[in-house]
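Below you'll find the structure, written out as structure tokens, and then a few comments.
The values are calculated or read from the model by the stated rules, or taken from the named source; none is laboratory data. Small disclaimer: the values here were computed from a predicted structure and weren't measured. Using ideal geometry, Cβ is built from the backbone for each residue, glycine included, and neighbour counts are taken over all protein chains shown. When the accessible area is computed, the model is the full protein with side chains, heavy atoms only, and any ligands, DNA or RNA have been set aside. Shrake-Rupley method; radii C 1.70, N 1.55, O 1.52, S 1.80 Å.
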Amino acid sequence: MEQLVYLNGSIVPKGEAKVSPFDYGFLYGFGLFETMRAYGGHLFRLSQHVKRLKRSAEILGLAEPLGRYDLERACLETLRANTLGDARLRLTVTAGEGAPRPDLSTCSAPTVLVSAQAYVPLLAEVYSRGYRATVSSLHRNSQSPLSRLKVSSYMENLLARREALLAGTEEALFLNENGFLAEGSLSNIFLVVRDGLITPSLGSAALPGITREAVLELASSLGIEAQERPIALEELLQADEAFLTNSLMEVMPLVEVGDRAIGQARPGLLTLTLATAYRKLVDKEASSRY
Ligand code: PMP
């Protein structure tokens with residue numbers, strides 16, 4: 001069966017989904033997106049993802065024309081139309097078509113696209129070995145109005161990622177303009193120090209990750225102290241454990257940064273406790289919808 005996508009209110013075969021060549025998302029990267037994971041047909045924290053996108057849409061001035069869309073429904077419809085249970089789903093919103101001379105006021109109708117594919121899990125060995133990361137030569141600007149938004153332009157993320165992959169590692173870490181840790185190219189970062197968690201504050205130029213939020217909730221319910229604050233790179237290198245989070249890979253141990261081992265260079269106990277707790281949370285939320 002050909003993949004079906006949701007485009008501007010209709011479910012259509014992928015081959016028939018047409019987006020204008022003059023879409024500002026395509027021409028200028030003016031758009032937003034969300035990546036979510038579905039477990040047995042349940043989209044984990046769907047409403048939080050849609051809320052994050054809507055908050056960003058307000059900042060970018062896209063909220064009003066987006067108002068006529070029920071984005072949660074669009075995501076669920078796309079999943080059902082493709083008869084997917086375990087899936088990765090992407091919601092993309094761009095400013096839509098505009099005039100040749102760059103002017104956002106000429107964009108009247110946003111483009112709304114949802115696509116979903118079967119989720120292919122990472123091998124268990126990857127989790128039991130953990131990720132290695134490089135520190136990117138690119139910096140995050142904590143003062144940029146885009147720094148905490150999930151904007152379509154992932155050029156810096158992709159360039160950082162290319163550096164990381166060429167270095168034989170799995171993730172790139174961004175520092176901000178003050179030299180503090182911000183986030184990974186596709187993930188948020190946590191340190192474990194003396195049985196407590198530390199994660200970069202959002203003001204460090206970290207995306208308010210949905211997984212990050214869930215991990216902070218879990219830490220609180222497990223009585224694990226958690227701090228959100230600026231973190232120097234050296235603190236990461238001295239940490240007992242570290243891990244990365246995102247919606248698709250959940251909790252991934254981070255065992256090496258730029259050739260330096262983190263802790264014992266293997267997944268730590270608290271990381272594994274939180275990874276297990278996260279999985280339980282997913283199961284609980286997926287089963288409570290019935
Ligand atoms: N930071 C960046 C740059 C990301 O691309 C992602 C993945 N969306 C995250 C953090 C983690 O966000 P989430 O937990 O919402 O998937």
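For this structure, a couple of remarks:
- Test: residue in segment 239-246 that is away from the ligand (no atom under 15 Å from the Cβ), of a type outside the set (Ser, Thr, Tyr), open to solvent by 10 Å² or more (accessible area, probe 1.4 Å) and free of Cβ contacts under 8 Å to residues at least 12 places away in the same chain: no
- Subset tally (residues that are in contact (Cβ under 8 Å) with a residue 60 or more places away in the chain and open to solvent by less than 20 Å² (accessible area, probe 1.4 Å)) for segment 53-63: 2
- Residues of segment 246-276 classified as within 23 Å of residue 85 (Cβ to Cβ) and not acidic (Asp, Glu), total: 8
- Evaluation of residue 29 against (1) at pLDDT 95 or above; (2) surrounded by fewer than 19 Cβ atoms within 10 Å (Cβ to Cβ); (3) closer than 28 Å to residue 286 by Cα (one fails), failing number: (3)
- Checked across segment 195-212, the condition of being among the charged types (D, E, K, R), on the phi < 0 side of the Ramachandran plot, more than 16 Å from the ligand (Cβ to nearest atom) and in contact (Cβ under 8 Å) with a residue 12 or more places away in the chain holds for no residue.
- For segment 1-17, taking the residues that are open to solvent by 50 Å² or more (accessible area, probe 1.4 Å) and under 26 Å from the mean Cα position of the chain (by Cα), the one that is nearest to residue 71 (Cα to Cα) is identified as 8.
- Within segment 64-83, residues that are surrounded by fewer than 17 Cβ atoms within 10 Å (Cβ to Cβ) have Cβ atoms under 7 Å from residues that are assigned to a helix (DSSP H, G or I) in these pairs: 72/46; 72/47; 72/50, counting only partners at least 6 apart in sequence or on another chain.
- Those helices (runs of 4 or more DSSP H) of segment 198-290 in which 2 or more residues are closer than 22 Å to residue 124 by Cα occupy 210-221, 269-287.
- Residues in segment 174-200 that are more than 16 Å from the chain's Cα centre (by Cα) and of a type in the set (Gly, Ala, Ser): 2 in all.
- Residues in segment 90-109 that are under 18 Å from residue 18 (Cβ atoms) and over 27 Å from the mean Cα position of the chain (by Cα) were compared, and the one that is most open to solvent (accessible area, probe 1.4 Å) is 108.
- Filtered residues of segment 157-193 (kept if away from the ligand (no atom under 15 Å from the Cβ) and either open to solvent by less than 10 Å² (accessible area, probe 1.4 Å) or in contact with a His (Cβ under 6 Å, 6 or more places away or on another chain) (or both)): 177, 191, 192
- Within segment 165-193, residues that are touching a residue at least 12 places away in the same chain (Cβ under 8 Å) and acidic (Asp, Glu) reach partners that are open to solvent by less than 10 Å² (accessible area, probe 1.4 Å) and away from the ligand (no atom under 12 Å from the Cβ) with beta carbons closer than 6 Å, at six or more positions or on different chains, in the pairs 171/133; 171/164.
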